[in-house]
Each structure stands twice: as structure tokens, then as C-alpha cells.
1. Give me a comma-separated list of calculated 3J(HN,Hα) values for the stretch 99-112, in order, Karplus coefficients 6.51, -1.76, 1.60 applied at θ = phi - 60°, integers in Hz, x for any Gly or Pro.
2. Starting from the stretch 46-108, pick out the trypsin sites (Lys or Arg not before Pro) whose DSSP state is loop and whose Cβ has at most 13 other Cβ atoms within 10 Å.
3. Pop out the ³J(HN,Hα) list for the stretch 76-88 in order, Karplus 6.51 cos²θ - 1.76 cosθ + 1.60 with θ = phi - 60°, rounded to Hz; leave Gly and Pro as x.
4. Considering the convex hull of the alpha carbon atoms of the stretch 25-106, report its projected area averaged over all viewing directions, in nm², one decimal.
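FYI, it's all coordinate maths here, none of it is from the lab. Bear in mind that the values here come from a model prediction, so they are computed numbers and not experimental data. A quick note on method: Cβ atoms are made from the backbone with ideal geometry, for glycine too, and the neighbour counts reach across all protein chains shown.
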Amino acid sequence: MKPKKENSEKRIKKEKPAKTVDDNWILRLYVAGQTPKAITAFTNLKKICEDQLKGKYSIEVIDLLINPKLGSEDQILALPTLVRKLPVPVRKIIGDLSNTERVLVGLDLLPAT
């Protein structure tokens, strides 16, 4: 058995920086026109952002009926789709965002259970 050196290097565990509400959040909501699902998704997203992010966010609504090419950047396959651009990593949530707990977990604002 080798004796321990007193000045041995400590291993530093690299951890993912925790996301906080102090970060600036950039969110994109992809929709196809002003359908009931699209309106519900925007309303739900706005409420979640106001409750959780307290003004530290921006929401960009992209209507793919008007600009269909804009969906290719984020590889949008279903609508409505929410894309979290910042903080990284990019996350996607599909649907009308009515399941608040699922949205919070998807955005890393709530730990998965």
C-alpha cells in the first residue's frame, strides 16, 4: 500500500451550472396560425414565465404559416413546439403546455421525479 502524499492533487468534479431564474431565458414558440392550441400554448407559456422567471425572459412566437423556413433551424416536426434557446442546452417541448409540471421539468425549472 502506497502512503498518501500530503500535497496530492484533489480531483475537481465538474458540475453543470445550475439554471436559475437570474439567467436570461430566450424561448421560441413555433405555431401554425392562431389555432386554439397555439393560443392555449402561448397563454400557458406566458403564465409559467411570469410565475417562474419573473420578467427574465423573452418569448418569440414564430408562425410557420407565414415563414415555413424558420422551422428548419430548430428542426420543428410538430406544432405547437416550445424551444428553449437560452440557457443552454437547447430543450424542446411539444404541445399546448397545459401540463405545467411537465413544462417545468422540461425547462429544468423543476427536478424530474
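1. In residue order, the calculated couplings are 8, 4, 4, 5, 5, 4, 5, x, 8, 6, 9, 9, x, 5 Hz.
2. 54, 56
3. 7, 10, 9, 10, x, 10, 9, 10, 8, 7, 9, x, 5
4. 4.9
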